[in-house]
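The values are calculated or read from the model by the stated rules, or taken from the named source; none is laboratory data. Please read all numbers here as calculations on a predicted model, not as lab measurements. As a convention, Cβ positions derive from the backbone with ideal geometry for all residues, glycine included, and neighbour counts pool all protein chains shown.
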Amino acid sequence: MFNFLHLFRLDLGFAFGFKGASKKEIAKKVALIVLICACFAVPLFFVFSILYFGARLGAFFGGLAEILNIVFFAMQLMMFMLFLPSYVSVVFFSKDTELLSSLPIGKTAVFSSRMLTMYLQMLAVSFPITLIAGIVAACGASSGGYGIGVEFWFILIFAAITVPIIPLSLITLISFPVMKFVSLFKANSTLKSVLILLLYGVIMAVLYYGVISFQNYVGKIDLSADMTANDAVHALMQTISKVGGSVYPSIFITKAMVGESSGVNFIIYSAIIVGLIALILLLSMFFYSIRESGALSKSSDKIASRAASASTGKSMSVRLALIRKEFLCVIRESQLALQTFAPLVILPVIIVVYSLAFGRGNLVQQGLTGDISFFVIAMVSGVNVMSTIAISREGDKFSLIKTLPVSSKDVILSKLWLADILSVLVVSISVICAAACKSLDWIEALLAWACGIMLSLGVNCLSLSRDIKNPNFRFTNYKELVKKSSKSLVPMLLGLSVGAINMLIKILTQLVIKGLSDTGAFWLRWGITIALSVIILISCRVNRIKKMCADFEKIEG
Amino acid sequence: MLKISGLTKQYKGQNAPAVSGLDLEVRPGEIMAFLGPNGAGKSTTIKCITGILPYDTGSIEICGYNLKSDPIQAKMNIGFVPDNHATYENLTAIDYINFICNIYRVPVEERKERIDELAEMMSLTQAMNKPINSFSHGMKQKVSVIAALVHKPKLWILDEPMTGLDPKSAHVLKELMRKHCDEGNSVFFSSHVLEVVEKLCDRLAIIKGGELIEVMSMDALRDKKSDLSLEEFFLSVTDNNYESEHSYTEE
């Protein structure tokens with residue numbers, strides 16, 4: 001228990017990035033998190049507005065619990081997407097297993113500490129959203145004349161604490177068969193990384209496809225021309241109730257919250273949660289012990305021995321050789337590859353599925369699909385692990401590059417260009433997907449592509465220069481390095497801001513600034529977005545290489 | 001081959017320099033050992049020579065190229081074996097050596113012969129297509145040695161080269177060092193293994209507290225201190241009272 005507490009405190013510090021940070025650094029991190037939350041506030045405002053009006057209608061037509069459950073379900077999906085890579089990293093790729101094995105700490109203590117830390121990380125994201133969703137729903141319902149009982153607030157807090165357990169159990173169930181399959185390819189680390197990425201994309205696609213199929217199956221609205229407005233709203237509410245009511249097990253807790261057989265539903269939900277906790281612990285413990293025994297880890301004995309004579313390869317320029325080395329070093333490290341290349345797989349999946357789910361002409365989306373697509377593209381443009389930890393990921397091998405007869409400019413440009421290639425691919429594929437799904441028309445697609453490219457090229461340079469100025473060569477695994485790096489927050493914030501401003505201008509031109517034509521509003525919005533992207537590109541990129549070279553020379557690895 | 005003049009390096013936040021006013025020359029065709037107790041400044045000096053650490057004052061010239069003003073040409077003449085077996089471990093051994101060949105502009109037609117010869121000597125031929133992260137410390141050290149020699153450097157620098165090597169590989173490494181010097185090149189290495197230094201070196205330099213306190217040839221050592229082994233001599237010069245009793249000697 002004593003060792004567990006020590007380890008847990010350490011894991012917690014690493015997970016939340018406050019380990020070893022000074023008070024000033026902590027204050028900076030908190031400020032950045034607040035700013036990021038402010039950027040997310042724009043899309044969340046939409047969600048909560050819909051929830052408010054939905055709850056108000058639900059108070060009259062029924063279906064309040066189901067409406068709230070749809071928000072809970074969306075959050076569980078988000079948790080699943082965000083934390084699947086983290087779970088895989090912790091259970092299957094944790095690099096400090098060898099070190100911990102040599103210390104007098106039990107396997108159970110290590111495992112419990114890791115799982116508890118992950119749960120708390122999930123809770124940090126889900127708790128405020130659940131709480132706000134509950135408050136908004138309660139306000140909406142109250143304004144619709146629905147009496148919210150005192151039990152609502154107690155059960156809301158219970159729900160906020162327990163909801164992350166549902167996606168965590170799903171992650172646990174899915175990850176083992178996936179990793180077992182991937183471990184068959186352990187002799188080829190590149191193939192292994194590619195497979196993990198593809199499987200990650202496939203899981204997400206299947207998940208989203210399942211959600212859409214489910215929505216299509218239960219969510220058909222039977223509207224006819226002779227219906228009154230009241231009938232139409234009633235039909236809509238019935239459909240929403242059917243969708244929300246079919247998502248288990250969180251429907252039990254939302255029903256308990258709004259007073260529908262509160263006692264019974266609360267007990268059923270609690271029993272399911274206890275069962276899921278047991279399932280998570282038993283399965284994860286089993287997987288962790290298998291991983292520790294080496295069944296899923298790399299085995300040098302089984303690495304295929306190819307022809308003894310070494311191939312001399314091809315002659316290439318210094319920069320090309322450096323880029324190739326960088327790429328191989330990333331792709332052959334499964335954990336790093338997943339962190340780095342995940343946007344390449346997941347962003348197109350999100351855009352395609354989102355576009356299919358809320359395509360143009362849908363009653364719900366109200367013309368916002370394209371804006372949300374751009375928001376996501378802009379957000380991801382700001383996050384490129386290839387550049388945010390370009391120097392730090394060298395770790396204790398950094399000194400090697402300094403001994404080689406290459407200029408600092410060659411080293412920096414090779415890292416920057418590789419990050420740029422990845423960004424261009426991510427943005428281009430995402431925009432093509434959005435355009436193909438008609439989420440963006442061709443002019444919007446072109447503008448989104450141009451802004452996404454400018455943004456990413458700018459922030460890549462900014463991220464790299466921040467990493468050069470303050471590299472972190474002391475890390476135990478890449479996940480920790482990425483999470484601990486506050487360098488990724490500022491670039492992400494830039495991307496998020498541009499996406500949020502784009503969306504905000506649309507809202508303002510529709511709701512506040514009256515009298516502007518559609519074309520005028522369109523070009524005002526995109527004009528400002530392009531201007532911001534150009535400013536970010538120029539301020540982050542122009543005349544920065546020379547300064548970066550000077551900073552690189554000062555690094556004492 | 002290597003000329004260090006007035007080298008001074010002080011780490012941030014430290015009161016005293018790690019290396020202070022160091023003057024040293026390694027001549028063509030000689031093996032020079034660099035000795036000193038822990039924390040004396042050996043690794044700092046080697047890191048400055050290889051470009052890992054920037055230095056405050058002084059100059060370092062490798063084959064006539066100044067390390068500060070012409071770092072690429074200077075480094076083109078160095079082959080370095082670090083003490084931590086640092087390589088890019090996600091690459092296979094052959095991928096890594098090819099990367100080094102590209103960086104040092106070794107023509108493709110010359111690579112195969114050199115790599116095969118060095119791999120054979122280091123008994124690493126069968127493992128060249130395997131990822132370095134599956135290697136033992138000794139095997140990683142061998143990869144570092146191949147990478148250091150594949151471009152035929154004029155100055156071969158090794159930091160604690162015998163660490164982790166099996167007796168046969170250590171023997172091969174010593175032979176390689178001697179052969180390298182016989183071809184008119186130079187070897188500069190740090191070590192705590194005084195038996196190796198005694199048998200292999202032409203000259204030795206001893207550093208203590210960041211300052212050079214002895215530079216002499218092995219012949220001069222044998223002549224002047226015939227009654228002492230190298231170990232006894234080393235212990236006597238690194239003793240705290242030595243500096244006040246003896247002056248710095250450059251033959």
message: I'd like the full set of residues that are closer than 20 Å to A:Cys39 by Cβ and either modelled with pLDDT of 85 or more or part of a helix (DSSP H, G or I) (or both), limited to the stretch A:511-528.
response: A:Leu511, A:Arg525, A:Trp526, A:Ile528
query: Which condition number in (1) surrounded by 15 or more Cβ atoms within 10 Å (Cβ to Cβ); (2) within 14 Å of chain A (Cβ to nearest Cβ) is the one that B:Ser20 fails?
result: (2)
statement: When restricted to A:Ile157, A:Ile161, A:Ile166, the only residue β-branched (Val, Ile, Thr), touching a residue at least 12 places away in the same chain (Cβ under 8 Å) and surrounded by 18 or more Cβ atoms within 10 Å (Cβ to Cβ) is A:Ile166
statement: A careful count of residues in the stretch B:197-235 that are more than 25 Å from B:Thr163 (Cα to Cα), of a type in the set (S, T, N, Q) and at pLDDT 65 or above gives 0
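So that you can scan it fast, the table gives a plain yes or no per residue for (1) modelled with pLDDT of 90 or more; (2) under 20 Å from the mean Cα position of the chain (by Cα); (3) among the polar types (S, T, N, Q); (4) assigned to a loop (DSSP other than H, G, I, E, B):
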position: B:Lys68; (1), (2), (3), (4): no, yes, no, yes
position: B:Asn90; (1), (2), (3), (4): no, no, yes, yes
position: B:Phe99; (1), (2), (3), (4): no, no, no, no
position: B:Ile115; (1), (2), (3), (4): yes, no, no, no
position: B:Ser123; (1), (2), (3), (4): no, no, yes, yes
position: B:Val145; (1), (2), (3), (4): yes, yes, no, no
- request: Only residues in the stretch A:452-472 that are over 16 Å from A:Leu493 (Cα atoms) count as the first member; pair them with residues that are charged (D, E, K, R) and buried (at least 22 other Cβ atoms within 10 Å of the Cβ), Cβ under 7 angstrom, at least 6 apart or cross-chain, and list the lot.
  value: A:Asp467/A:Lys487; A:Asn472/A:Lys484
field: the stretch A:505-544: number of residues that are over 22 Å from A:Pro43 (Cβ atoms), crowded, with 17+ Cβ neighbours inside 10 Å and of a type in the set (A, V, I, L, M, F, W, C)
entry: 2
query: Restricting attention to the stretch A:391-407, which residues are facing another protein chain (nearest Cβ under 7 Å) and not hydrophobic (A, V, I, L, M, F, W, C)?
result: A:Asp396, A:Lys397, A:Ser399, A:Lys402, A:Thr403, A:Pro405, A:Ser407
- prompt: Within the bounds of the stretch B:52-73, is there any residue that is crowded, with 21+ Cβ neighbours inside 10 Å, touching a residue at least 24 places away in the same chain (Cβ under 8 Å), more than 10 Å from chain A (Cβ to nearest Cβ) and among the charged types (D, E, K, R)?
  reply: no
- request: State yes or no: is B:Ala147 within 8 Å of chain A (Cβ to nearest Cβ) and buried (at least 23 other Cβ atoms within 10 Å of the Cβ)?
  value: no
task: Could you list, in sequence order, all residues of the stretch B:74-86 that are within 7 Å of chain A (Cβ to nearest Cβ) and either surrounded by fewer than 19 Cβ atoms within 10 Å (Cβ to Cβ) or in contact with a helix residue (DSSP H, G or I) (Cβ under 6 Å, 6 or more places away or on another chain) (or both)?
output: B:Phe80, B:Asn84, B:Ala86
Residue satisfying all of: in the stretch B:105-124; at the interface with another protein chain (Cβ under 7 Å from one of its Cβ atoms) and buried (at least 21 other Cβ atoms within 10 Å of the Cβ); farthest from B:Ala170 (Cα to Cα) among these: B:Arg111
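Rundown of residues vs (1) within 8 Å of chain B (Cβ to nearest Cβ); (2) at pLDDT 75 or above; (3) within 24 Å of B:Met139 (Cα to Cα), yes/no style:
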site: A:Leu281; (1), (2), (3): no, yes, no
site: A:Phe286; (1), (2), (3): no, yes, no
site: A:Ser289; (1), (2), (3): no, no, no
site: A:Gly294; (1), (2), (3): no, no, yes
site: A:Asp301; (1), (2), (3): no, no, yes
site: A:Ala304; (1), (2), (3): no, no, yes
site: A:Ser311; (1), (2), (3): yes, no, yes
site: A:Ser334; (1), (2), (3): no, yes, yes
site: A:Leu356; (1), (2), (3): no, no, no
message: Among the residues that make up the stretch A:494-504, is at least one of them modelled with pLDDT under 85, touching a Ser or Thr at 6+ places or on another chain (Cβ under 9 Å) and surrounded by fewer than 18 Cβ atoms within 10 Å (Cβ to Cβ)?
response: no
- request: Quickly run through the stretch B:87-104 and pick out the residues that are facing chain A (nearest Cβ under 7 Å) and under 16 Å from B:Trp156 (Cα atoms).
  value: B:Tyr104
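The rows are residues; the columns are (1) basic (Lys, Arg); (2) assigned by TED's automatic domain parsing to the domain that holds A:Val88; (3) under 30 Å from the mean Cα position of the chain (by Cα); (4) over 16 Å from A:Met122 (Cβ atoms).
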position	(1), (2), (3), (4)
A:Cys139	no, yes, yes, yes
A:Val150	no, yes, no, yes
A:Phe154	no, yes, yes, yes
A:Ala159	no, yes, yes, no
A:Ser169	no, yes, yes, no
- prompt: On the given criteria, is B:Ser191 polar (S, T, N, Q) and modelled with pLDDT under 90?
  reply: yes
query: What number of residues within the stretch A:538-557 are outside any loop (DSSP other than H, G, I, E, B), within 14 Å of chain B (Cβ to nearest Cβ) and among the small types (Gly, Ala, Ser)?
result: 1
field: Out of A:Leu123, A:Leu84, sole residue that is modelled with pLDDT under 85 and assigned to a helix (DSSP H, G or I)
entry: A:Leu84
statement: Conditions (1) more than 24 Å from B:Pro28 (Cα to Cα); (2) away from chain A (no Cβ under 14 Å); (3) free of Cβ contacts under 8 Å to residues at least 12 places away in the same chain -> B:His171 fails only (1)
- prompt: Which residue pairs have Cβ atoms closer than 6 Å, lie 6 or more positions apart in sequence or on different chains, and pair a first residue in the stretch A:184-203 that is among the aliphatic types (A, V, I, L, M) with a second residue that is surrounded by 17 or more Cβ atoms within 10 Å (Cβ to Cβ) and at pLDDT 80 or above?
  reply: A:Ile196/A:Leu338; A:Leu197/A:Phe341; A:Leu197/A:Val345
message: Give me the residue from the stretch A:420-437 that is within 19 Å of the chain's Cα centre (by Cα) and aliphatic (A, V, I, L, M) and, out of that set, farthest from A:Phe552 (Cα to Cα).
response: A:Ala434
